[in-house]
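Please read the structure below before turning to the comments.
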Amino acid sequence: MKRSPFLSATLALTGLLSAAAPALAATPAGTEIVNQATAEYVPPVPEDRGLATSNVVRTVVQAVCSVSVTPDGTVAQPGQRADLLPGERAVFTYSVVNTGNTTGEFPVLARFEQASTLTPPARVVRDLNGNGQPDAAEPDVTSVALAPDERAALLLVVETSPAADAQGDAYANLVASCAGGESTDSNNVSLVRVGPPPVLGVQKTFSPSLVRPGSETTVTVTSRNSGQGESREVVLTDLLADQIALGLVFVPGSARTNVGLLEYTTDGTTWTEQEVQPVRGVRVRVERLAPNAAITLTFRMLATGQAEGRVIPNTATARTSGREVSGSASADVRYLPAVAIGPVGNPEAPEGSAADAQQKPFAVVGQLVCFDHTAKNTGDVRDNFRLTVTYPQGAARAEVQGENGQPLVQPLVLEPGQTAFVRVCYDAQQAGPMDALVTITGDRGESNATRDQIAAVEAGLPELRKSYVATTQGTGGQVVTVPDGGTVAAGDTITYTLTMRNPYARPLTNAVVSDPIPAHVDFKEASAGGVVSGQPGAQTVTWALGTLQPGEARTLTVTTQVSTRAVDGEALRNVFNLVTTELTAPLPSNEVLTPVWTAQLLIRKDVSAQEAGFGDRLTYTLNITNASATTAIVNAVITDTPARGLEYIPGTSLLNGQPLADPTIEGGVLRWSVAELPAGRTVTIAYQTRVTPEATGQLVNTVQVSGTGAGGVARAIASNRATAVTKLNPLKFAPLADLLGTVFVDRNRNGLFDPLLDTPVQGARVLLAGGRQVLTDVSGRYSFPNVAYGTQALRLDPASAPYPPLHVPQDGGLSGTQTVFVRGLTSVDFPLAPLGGDIDALRRTVLLVGDVRVEKAVYVVEGGYVVTLRVVSPRALEAVSLLDPLPDGAVLKEGRNTYSGNLAAGELNLTYRFDWTGEPRAATTDPSLSWRY
């Protein structure tokens, strides 16, 4: 088969032209295009193949400006669309391409087509990073420079007005053109449709809004879209940190929502779907909210004790499309304390109403009149309450009592709803009407009051008088009246008389008289229909008298007999009582008292000798018997009157063989006090006296005992009198005494024997006028017993004492002779002068305190120091304190350097020795002396 050569060449040429055509459009302006065609032909015989070449054609490319913007769009068919809410922004992305063959500057602009009902602000932004959003570093542009085929990403940004009425359609067109306008691309319309805005509101409530500490309240937060347009995402948030700080805390697990997603936060920044602890914020996220739709968030909060007394605000917010609205509410955290008081059983009677007042028609000055009330805690919290009673000054005295009749313990603590009985008793002080206000007040400030009113208060009480007459059986069988104050015994009769009178100008109604007769008397009879009740020992006589008319008086009697149950020393006490409708508190009469005593108080007195002489000791023994079998005698007083010439010897009193305090002596009469003389027992008191030269004839000693019955009867019970007689024989006995003393070397020449300083003389002979003599012992002591009373002379034998007497007689008498009047125990010392000289005092100190003198001397002796203290006072001193301090580091060896106690008039001498190794001149200290004035 043969091919056509022409056909083959044509095909070759056609292929060549097709290859050259595309290069023309992409060729820059000014480019010269050279074109030459070559044709190859193939004959039927291969060897005849040939090649033909055309002539050369030269073409110069001209400049062409062309721009293209995509995507395209028209008003009828917008290329892009954005549905916005007022205030939102639309961003449209465009691509601008230089489709010409030359580099050029292409103007760009945003315009709104005539069909637009809105023309919001619009701008063109060069999207340098290509992210489709206008960034801060990306500029607004009005033109772009592009090389051929270069592309630029542009953004058409449309900002809508936030005004609610800024609604409608805006046809925004991005127009690009050549600089000369020969080419324009303007079919790039995008639609911005601004619809009606949503209108969000937030409402918040606490239920209840008044919260008691310890209880919960439910928080409800609602955000509703009341606008005509659907919203973007809505975030409803309630932050709780401030509320928690004030004591209102989130209840875990209590949050609920009707739509959307619940989230929680513990720091106000990070939110999670998982509930965290502690929850410091709750929010709900909803993708969109249609018109009239609502988000409802609820949760509970607990009011702690910290929140009490606070009004705690809380604000919730709803945010959408950059807009935020809020709603607030407050929780008032407090108790509602309340209290009421009113007549008993009706505490909540309206205050100030007739039901809240109590009236009594009549009361008496000095008599209690009582009103009963009920107090109630009507609040919701436990509280402490106090009651006060006010009335005209001086009108009364009031006492508030509790259920037990005792004074009400205040504060009165009541739980919510709890009641308490309260009695207010008035002791009226003046006549006339009385109006009192009883107020109860709680610690939290709540209060309530009720009134107590008395129409008339009368002065004075009904006249009540009780008396008695006691009779006993005489020795001859006759009836004998016991004198007033006398005692009664078992079997005696006591008749009590009761007299009363109504002194008021108004009657006393339903008068009842009761007489609880003493336990140890038995009822015999009563007048005027008196009725006895109870068993013997607990009997009461009662009279129902009806009405006592104004001024009316009545007399009643009851006769009783003293029972064998009565005991010595007791008092039979009797009082009767009157009660009327007007005087509800029993009005007592005076008390009558009858003492009981049957047994005797007996005493026997003995003396140790029937005959005595001067100087003798006599021992007296008192045996005191309480003959009562039942009752002790208390506070017994034993009175003994010794005969003239008998002198009590101190320290000789004995009670049942045990030492007894010395009696008081007044006018020669001795008185002992004994706390108790037991029933049916005998006590013994012994004491001694000395017969003095004043005694003459017979020594008659009389004693008497008195006391009080232990039953409490305030009367003395006297004993019989007892005497003891001793005959005085002055010729048989003469007054004798003892004479004693000490012979010593008085080394400090003070005339006093200082055991630590002076030297006793052993073997010195002391002679007594009349020829008696005695030698001193190792301590220098001597004694002459049984020396006759009167003046005696003593002499120290100088041959037996190798020391001269310290004091030489001034009357020319013999040296070493002393004269003394001997009476009782008499002491005479013989101080001698030292042969080797005196012991010089290291220091002598004299302290004068008023008329009291303290003398101190310090002596150096072998092995230490000796101190003498002499206190001289012309009067007795009480609570004396004498202190002579030792030098620092000294050790007391003998004697004492202090004295505490009372000091009689005269002098006190102390001597002591101490060891000390310090400087001798520092061995002296100053004494101190004090006493009570």
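Here are the numbers for the structure shown:
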quantity	calculated
Hits in region 901-933 - residues which are among the acidic types (D, E) and out of contact with any Lys or Arg (no Cβ under 9 Å at 6 or more places or on another chain)	E919
Spans of strands (runs of 3 or more DSSP E) in region 769-886 with at least 1 residues basic (K, R) and modelled with pLDDT under 90	772-775, 790-796, 841-849, 852-861, 864-873
Residue in region 426-434 that is surrounded by fewer than 14 Cβ atoms within 10 Å (Cβ to Cβ), more than 17 Å from V457 (Cβ to Cβ) and outside the structural domain of F206 (by TED's automatic domain parsing) present	no
Selection from region 461-493 of residues that are farther than 19 Å from T560 by Cα and either in the same structural domain as A396 (by TED's automatic domain parsing) or modelled with pLDDT of 80 or more (or both)	L461, P462, E463, L464
Pair list, Cβ under 8 Å, 6 or more apart: region 571-583 residue within 28 Å of K360 (Cα to Cα), other residue of a type in the set (F, W, Y)	F576/Y496; E582/F362
Residue check for P337: in contact with a His (Cβ under 9 Å, 6 or more places away or on another chain) and either polar (S, T, N, Q) or not in a strand (DSSP E or B) (or both)	no
Any strands (runs of 3 or more DSSP E) falling wholly within region 512-623 and containing at least 3 residues that are among the charged types (D, E, K, R) and closer than 20 Å to T472 by Cβ	521-526
Any hit, region 424-436, residues being among the charged types (D, E, K, R), at pLDDT below 90 and part of a strand (DSSP E or B)	yes
Pick from region 327-338, criterion of a type outside the set (G, A, S) and either buried (at least 22 other Cβ atoms within 10 Å of the Cβ) or out of contact with any strand residue (DSSP E or B) (no Cβ under 6 Å at 6 or more places or on another chain) (or both), ranking: farthest from T419 (Cα to Cα)	V333
Cβ pairs under 7 Å, 6+ apart, first in region 140-158 and without any contact (Cβ under 8 Å) to a residue 24 or more places away in the chain, second surrounded by 12 or more Cβ atoms within 10 Å (Cβ to Cβ)	D140/R123; D140/V124; D140/V125
Region 675-695, residues that are charged (D, E, K, R) and part of a loop (DSSP other than H, G, I, E, B)	R681, E694
When residues of region 461-490 are limited to those that are farther than 19 Å from G569 by Cβ and among the β-branched types (V, I, T), the one nearest to the chain's Cα centre (by Cα)	V469
Filter pass, G366 being surrounded by fewer than 18 Cβ atoms within 10 Å (Cβ to Cβ), at pLDDT below 95 and over 30 Å from S223 (Cβ atoms)	yes
Strands (runs of 3 or more DSSP E) contained in region 237-325 and holding at least 3 residues touching an Asp or Glu at 6+ places or on another chain (Cβ under 6 Å)	310-320
Leading residue by the ranking (modelled with the lowest pLDDT) among those in region 909-933 that are farther than 27 Å from E862 by Cβ and assigned to a strand (DSSP E or B)	R932
Any hit, region 109-116, residues being of a type in the set (S, T, Y) and surrounded by fewer than 17 Cβ atoms within 10 Å (Cβ to Cβ)	no
Pick from region 39-84, criterion of a type in the set (D, E, K, R) and at pLDDT below 80, ranking: surrounded by the most Cβ atoms within 10 Å (Cβ to Cβ)	E40
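Every residue, every condition in (1) buried (at least 18 other Cβ atoms within 10 Å of the Cβ); (2) among the charged types (D, E, K, R); (3) under 19 Å from G227 (Cα atoms), yes or no:
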site	(1), (2), (3)
T257	yes, no, no
G268	no, no, no
Q277	no, no, no
V284	yes, no, no
E287	no, yes, yes
A290	no, no, yes
A303	yes, no, no
T315	no, no, no
V325	no, no, yes
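The values are calculated or read from the model by the stated rules, or taken from the named source; none is laboratory data. Note that the structure is a prediction, hence the values are computed from the model and not measured. Using ideal geometry, Cβ is built from the backbone for each residue, glycine included, and neighbour counts are taken over all protein chains shown.
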